[in-house]
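**Q** Have a look at this one.
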Amino acid sequence: MKKMKLTFYGGAGTVTGSKILLEVNYRKILIDCGLFQGIKELRNKNWERMPLDLNKLDLVILTHAHLDHSGYLPLLVKDGYKGKIYCTSATRDLAEIILLDSGKIQEEDSLRANKHQYTRHKPSLPLYTVEDAKTSLEQFKVLESNHWHKIERGIELKFVNSGHILGSVFVLIKVDGKTLVFSGDIGRKNPILLPQYEYIEKADYLVVESTYGNRLHEKTPISEKLLDYIEHTYKKGGILIIPTFSVERAQEIIYLLSILKREKRLPKIPIYLDSPMGVNATEVYFKHKNNHKLTSEDVKSMLETVQLISEASVSKTVVSDNSPKIVLAGSGMITGGRVLHYLDKCIEDEKNSILIVGFQAEGTRGKSLLLGDPEIKFFGKYHDVKAEIFKINAFSGHADQSELLDWLKHFKSPPTLTFINHGESHQSQALKVKIRTTLNWNCTVAEMNKTYTLL
């Protein structure tokens, strides 16, 4: 019998920086390799080397491409990891877009900080570069879902659809007849674009996310609320800015806007997706036709509804135009990207609106706006918040508490131990209580940097 241990180097007590180390005797496997985002205390962890000899790390497995699950990979490779990075085909394509964009943003932020001298570091350096990201992509290896793959002696791997974003999966690892399941992020019961998550019947050990471990999503029709905010802002003669996650959320909103346009319910104003990463991710969605529910008619309608912007010169022209419009721009938590240029122009004008459509981590500008902060800081200065702030909770790509329980109830027998991770402390603790109360399972909330021995 092989001795197994789990250590959580991220995604424990927080929703970012997901990294779980599985040790099987002397074999070391890293499940996800995410970047920390949010408050400075968390972001600073990105500059700390992992307490692990990367020459002894055997392989990395990705549940999906989001930055908080893949964004540390360029550093991992830069610091010496030379092994394979296993994932699905769609995850590989999306990770390429996300990691290259992340490297570009790191470089641009560093250059801007040095130019305007709002950095304590002389000079400010990027966490990693575009070239670092390109190098890490060379180690990706695509595996088919729904098949067991022998990856090491006595160790097998299987991917099962998790319904979170294109290519996202549950990771199943079989060792000496014992099955470990890592949920990554779990999608909604009935996603807008994707097939629903699949159920799993057996796990000896389970790691489950808890982003919304104590929350239930709104039941209001999303398209109706979206239309309300569009019409409200249009009547003010303003600009509606939607800080948008480039993967999944951007495509969902474009799809809903295309339906409203087909129904002739949208005001006749231009709609832009101003995000090179969002444009590229949209093209990846259209490429992987078997991984989503969009028809050819849907795709055609989406392309006719939104103007896709990649070139910086076109973006500057749209930013400088004060006429009414709808703009989807990254990043979704307003941590960087082109949305900042729109906010720089629009946030101090009360006729404009900002619509938040996704989870906002602690310490992000998006969270500050939701909390009603009167000003937010970017580009080295403070900006008064006079634009109206709105939020649609129902857009979330994460399962809420009832959906998490729905997924868990389909296991035929309780795991020996269930680890609850990837959630802020109160969410994880609430889910632990709910699981114990309703399912009578043995479970614990994962702690950062703590090693658990599996019996």
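**Q** What tally of residues in the range 202-229 results from selecting those that are under 26 Å from L328 (Cα atoms) and out of contact with any helix residue (DSSP H, G or I) (no Cβ under 8 Å at 6 or more places or on another chain)?
**A** Qualifying residue count, the range 202-229: 4.
**Q** Within the range 295-305, can one find any residue that is open to solvent by 10 Å² or more (accessible area, probe 1.4 Å), basic (K, R), in contact (Cβ under 8 Å) with a residue 40 or more places away in the chain and farther than 23 Å from I392 by Cα?
**A** No, every residue in the range 295-305 fails to be open to solvent by 10 Å² or more (accessible area, probe 1.4 Å), basic (K, R), in contact (Cβ under 8 Å) with a residue 40 or more places away in the chain and farther than 23 Å from I392 by Cα.
**Q** Moving on to the next point. Quick check on my filter: what residues within the range 201-229 are surrounded by 17 or more Cβ atoms within 10 Å (Cβ to Cβ), touching a strand residue (DSSP E or B) at 6+ places or on another chain (Cβ under 6 Å) and either in a loop (DSSP other than H, G, I, E, B) or acidic (D, E) (or both)?
**A** A203, D204, S210
**Q** Within the range 76-97, how many residues turn out to be within 22 Å of F245 (Cβ to Cβ), open to solvent by 10 Å² or more (accessible area, probe 1.4 Å) and not polar (S, T, N, Q)?
**A** Qualifying residue count for the region: 4.
**Q** Mind checking whether some residue in the range 358-380 is of a type in the set (A, V, I, L, M), within 25 Å of D228 (Cα to Cα), open to solvent by less than 30 Å² (accessible area, probe 1.4 Å) and touching a Cys at 6+ places or on another chain (Cβ under 9 Å)?
**A** Looking for residues that are of a type in the set (A, V, I, L, M), within 25 Å of D228 (Cα to Cα), open to solvent by less than 30 Å² (accessible area, probe 1.4 Å) and touching a Cys at 6+ places or on another chain (Cβ under 9 Å), one finds none in the range 358-380, hence no.
**Q** Which of the strands (runs of 3 or more DSSP E) contained wholly in the range 54-169 include at least 2 residues that are touching a residue at least 40 places away in the same chain (Cβ under 8 Å) and under 16 Å from G34 (Cα atoms)?
**A** 59-61, 84-87
**Q** Which one of these does L439 not meet: (1) touching a residue at least 24 places away in the same chain (Cβ under 8 Å); (2) touching a strand residue (DSSP E or B) at 6+ places or on another chain (Cβ under 7 Å); (3) farther than 30 Å from K345 by Cβ?
**A** It fails just one condition, (2).
Conditions (1) within 17 Å of G363 (Cβ to Cβ); (2) not in a loop (DSSP other than H, G, I, E, B), marked per residue:
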| residue | (1), (2) |
| --- | --- |
| T14 | yes, no |
| G17 | yes, no |
| L21 | no, yes |
| K28 | no, yes |
| N44 | yes, yes |
| R49 | no, no |
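The values are calculated or read from the model by the stated rules, or taken from the named source; none is laboratory data. Just so we're clear, the structure is a prediction, and the values are computed from it rather than from any experiment. Note that each Cβ is placed from the backbone with ideal geometry, even for glycine, and that neighbours are counted across all protein chains shown. Just the protein is used for accessible areas: all its heavy atoms, side chains included, with ligands, DNA and RNA removed. Shrake-Rupley method; radii C 1.70, N 1.55, O 1.52, S 1.80 Å.
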